[in-house]
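*Asks:* Quick one: the structure is below, and I'll ask about it shortly.
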Amino acid sequence: MKILVTGGAGFIGSNVVDAFVENGFEVAVLDNLSTGKKENLNTKAKFYNADLRDRNALEKVFKEFKPEIVNHHAAQIDVRKSVEDPVFDAEINIVGSTNLFQLAVKYEVKRVVFASTGGALYGEPKVLPANEDTPIEPLSPYGVAKYCVENYLNYFKRLYGIERVILRYANVYGPRQDPLGEAGVISIFTGRILEGKPVFIFGDGTQTRDFIYVEDVVNANLLAIDGNEGVYNIGTGVETSVNDIVKVFEEVLERKIQVEYLPPRKGEVYRIALDYTKAKQSLGFEPTYTLKEGIKKTIEWYIRNL
Ligand code: NAD
């Protein structure tokens, strides 16, 4: 089976690629290395340095590699950037994705697996954890774009029968996440703590997220290769406050962490957690890492690699 992984030089995509290669799939990576890194590339996977916005470059990849499955992780992932420049976000996340799907139809790809978001889709849900029927009320263009792409996939399914599995991730963390990036509080904290610097918390730290270790997300991608089609939340169902994250770091490292509180940031969700019951019933997905285990593994990886 041939799988094309877009964004396969990035944090989640590269972990997914490693698992696909280990499981004996023939894998190619499509990435423009904008936030992805060469050192994340699996040497057993073919690499295409191409941009989602460049249709000719994309078409060459489909013509040559002829994927049976497209696993779509490439994206502009910075939520705040999407607020500042919604057009830039839409060019990559909506138009780029649509380029990809049109070619997937043309080259008779069987299935598309899409890395969507649960964290940025449901706004401030009245009931937590949020399930897939929770009203869609994104607070950022990033969330709007992800939902738009989900709808394109549903449209391509209706018209052309191309299968789709949509994975709505919670807050993913673990090895290879960029500690200098905007996305991951756990990697940012890890980077600062290992450099002996205080961590910053925006607001009072009572805001909550659903943190899922990347290996559990990789497992969801393995299950999505031939599991039932559908839209699935991929999270743990557990709400953890940013203050509690600091406590877990203190437990793992057995020392006090210095915290500086800054004014809250606009446009950020206050509380979120994702109900993964549907993914459990239909895909057989179940998260296996506790936050403490995941944070411990993440710290160990950063110490070895940075
Ligand atoms: P990442 O930035 O590490 O990975 C994104 C990859 O896409 C990078 O390798 C980047 O170089 C590539 N890319 C960006 N623009 C591109 C373009 N125009 N053409 C080709 N390649 C391009 O981020 P990540 O955290 O690994 O996210 C992977 C996917 O998972 C994204 O679609 C993201 O929206 C989604 N997601 C992530 C999280 C999370 O918590 N990290 C949560 C929900 C959804």
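The values are calculated or read from the model by the stated rules, or taken from the named source; none is laboratory data. Small disclaimer: the values here were computed from a predicted structure and weren't measured. Virtual Cβ from ideal backbone geometry, glycine too; neighbours counted across all protein chains shown. Note: accessible area is taken over every heavy atom of the protein model, side chains too, but ligands, DNA and RNA are not part of it. Shrake-Rupley method; radii C 1.70, N 1.55, O 1.52, S 1.80 Å.
*Asks:* Of the residues Arg111, Arg55, which single one is open to solvent by less than 60 Å² (accessible area, probe 1.4 Å) and of a type in the set (Lys, Arg)?
*Replies:* On inspection, the qualifying residue turns out to be Arg111.
*Asks:* Tally up the residues in the stretch 30-49 that are of a type in the set (Asp, Glu) and near the ligand (Cβ under 7 Å from one of its atoms), please.
*Replies:* 1
*Asks:* So is Gly10 within 11 Å of the ligand (Cβ to nearest atom) and of a type outside the set (Asp, Glu) or not?
*Replies:* yes
*Asks:* Looking at Pro129, Pro138, can you tell me which residue is open to solvent by 30 Å² or more (accessible area, probe 1.4 Å), within 13 Å of the ligand (Cβ to nearest atom) and touching a Leu at 6+ places or on another chain (Cβ under 8 Å)?
*Replies:* Exactly one residue qualifies, and that residue is Pro138.
*Asks:* Right, something else. Any residue at all in the stretch 202-213 that is in a helix (DSSP H, G or I) and either in contact with a strand residue (DSSP E or B) (Cβ under 7 Å, 6 or more places away or on another chain) or open to solvent by 10 Å² or more (accessible area, probe 1.4 Å) (or both)?
*Replies:* No, the stretch 202-213 contains no residue that is in a helix (DSSP H, G or I) and either in contact with a strand residue (DSSP E or B) (Cβ under 7 Å, 6 or more places away or on another chain) or open to solvent by 10 Å² or more (accessible area, probe 1.4 Å) (or both).
*Asks:* Oh, and also: Return the pairs, sorted by first residue and then second, in which the second residue is assigned to a helix (DSSP H, G or I) and of a type in the set (A, V, I, L, M, F, W, C), the first residue lies in the stretch 83-100 and is near the ligand (Cβ under 10 Å from one of its atoms) and modelled with pLDDT of 95 or more, the beta carbons are less than 7 Å apart, and the residues are 6+ apart or on different chains.
*Replies:* Here the result reads Asn93/Ala145; Asn93/Val149; Ser97/Val149; Asn99/Leu58; Leu100/Leu58, each pair linking the stretch 83-100 to a residue that is assigned to a helix (DSSP H, G or I) and of a type in the set (A, V, I, L, M, F, W, C).
*Asks:* Can you list the strands (runs of 3 or more DSSP E) found entirely within the stretch 9-117 that contain at least 2 residues being over 28 Å from Phe211 (Cα atoms) and not hydrophobic (A, V, I, L, M, F, W, C)?
*Replies:* Ranges flagged: 46-49.
*Asks:* Please find, among Ala115, Ala104, the residue that is small (Gly, Ala, Ser), modelled with pLDDT of 95 or more and over 23 Å from Phe11 (Cα atoms).
*Replies:* Among Ala115, Ala104, only Ala104 is small (Gly, Ala, Ser), modelled with pLDDT of 95 or more and over 23 Å from Phe11 (Cα atoms).
*Asks:* What are the pairs, 6+ residues apart or on separate chains, where a residue within the stretch 145-156 that is open to solvent by 60 Å² or more (accessible area, probe 1.4 Å) has its Cβ under 9 Å from a residue that is not in a helix (DSSP H, G or I)?
*Replies:* Tyr147/Ser116; Tyr147/Thr117; Tyr147/Leu121; Tyr147/Ile136; Tyr147/Pro138
*Asks:* Return a yes/no flag: does the stretch 166-177 have any residue that is surrounded by fewer than 19 Cβ atoms within 10 Å (Cβ to Cβ) and either outside any strand (DSSP E or B) or outside the structural domain of Leu52 (by TED's automatic domain parsing) (or both).
*Replies:* Taking every residue of the stretch 166-177 in turn, none turns out to be surrounded by fewer than 19 Cβ atoms within 10 Å (Cβ to Cβ) and either outside any strand (DSSP E or B) or outside the structural domain of Leu52 (by TED's automatic domain parsing) (or both).
*Asks:* How many residues, within the stretch 269-306, are free of Cβ contacts under 8 Å to residues at least 12 places away in the same chain and either more than 21 Å from Asn228 (Cβ to Cβ) or touching a Ser or Thr at 6+ places or on another chain (Cβ under 8 Å) (or both)?
*Replies:* Adding up the residues that qualify gives 3.
*Asks:* As an exercise: evaluate Arg192 against (1) assigned to a helix (DSSP H, G or I); (2) charged (D, E, K, R); (3) at pLDDT 95 or above and give the number of the one condition it does not meet.
*Replies:* For Arg192, the failing item is (3).
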